[in-house]
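Sharing a structure below in structure tokens format, with a few things to ask.
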Amino acid sequence: DAIAAAATCGGAVPRPVRAGRAVQLVVIGCGIPQFSMGWTHLYQVLGAPLSGLADVVGVVEPYFYSDAGRDAGGAATLRAFAATIPSVPFAPSCEALRGMLPPLAPGQVRCAIIAMRAADCRQAFGDAVRVLECRA
């Protein structure tokens, strides 16, 4: 179940996303739960005291959600973690995530946390700005 899955990925079920905050957050490059930097950022923002600062509206994980990485070590752990937060869509690319994001309300800004290999960060930043309309 979701609680058991979350217990293996950090010990607590992340708080649900509550809409209406001034910041919409997208994490690009989640990686392996309890190991990767992107997951660490995501987990921290979902939990207290940071959970009140932003709405996590999506996660882009290009490797583990690709054909090449779907069966790689860590992919099942990431899918189990993602299942504990069904209100946050996970996608293999910014293009795939774009249609799953909520519209920006007046006064809201969308920002991205990018945690990827250095060689991939330039493309991820461009996609965050052009495709996902991130402005911070």
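With +1 assigned to the C-beta of every Lys and Arg and -1 to the C-beta of every Asp and Glu, and no other charges, what is the dipole magnitude of the chain about the Cα centre in debye, to the nearest 20? Can you show the working numbers first?
On the way: 11 positive and 9 negative charges, 71 e Å.
Rounded to the nearest 20 debye, it is 340 debye.
While we're looking at this one, here's another question. Where does each of 68-76, 31-39 land if you order them by average Cβ count within 10 Å, highest first?
Values: 68-76: 12.8, 31-39: 18.4.
With the highest mean Cβ count within 10 Å placed first, the list reads 31-39, 68-76.
Going 7 Å from the Cα of Arg70 along its beta-carbon direction, which residues of region 94-123 have the amide nitrogen within less than 20 Å of the resulting point?
In region 94-123, the label zone of Arg70 (backbone N under 20 Å from the point 7 Å along Cα→Cβ) covers 94-98.
Oh, and also: When the chain is treated as a GNM, springs tying every alpha-carbon pair under 10 Å, which of Leu101, Leu25, Leu42 comes out with the largest mean-square fluctuation?
Among Leu101, Leu25, Leu42, the largest GNM mean-square fluctuation belongs to Leu101.
Lys and Arg at +1, Asp and Glu at -1: add these up for the other residues within a Cβ distance under 13 Å of Phe64 and post the number.
Details: positive: Arg70, Arg79; negative: Glu61, Asp67, Asp71.
Once all neighbours under 13 Å are counted, the net charge is -1.
Mean separation of Cα pairs under 8 Å and 6+ residues apart, divided by the residue count of the chain: what relative contact order is that in percent? All intermediate terms of the calculation are to be shown ahead of the outcome.
Numbers: 240 pairs, mean separation 39.4, N = 136.
Rounded, it is 29 percent for the chain.
Grab the Cα-Cα distance for Ala105 and Val131, subtract it from 0.36 nm times how many residues apart they are, and report the gain in nm with one decimal. Show your work: numbers first, answer last.
Values: separation 26, 0.36 × 26 = 9.36 nm, distance 1.75 nm.
Using 0.36 nm per residue and subtracting the Cα-Cα distance, I get 7.6 nm.
Every number in this text was worked out from the coordinates using simple rules, so none of it is lab data. Values in this document were obtained by computation on a predicted structure and should not be read as measured data. Virtual Cβ from ideal backbone geometry, glycine too; neighbours counted across all protein chains shown.
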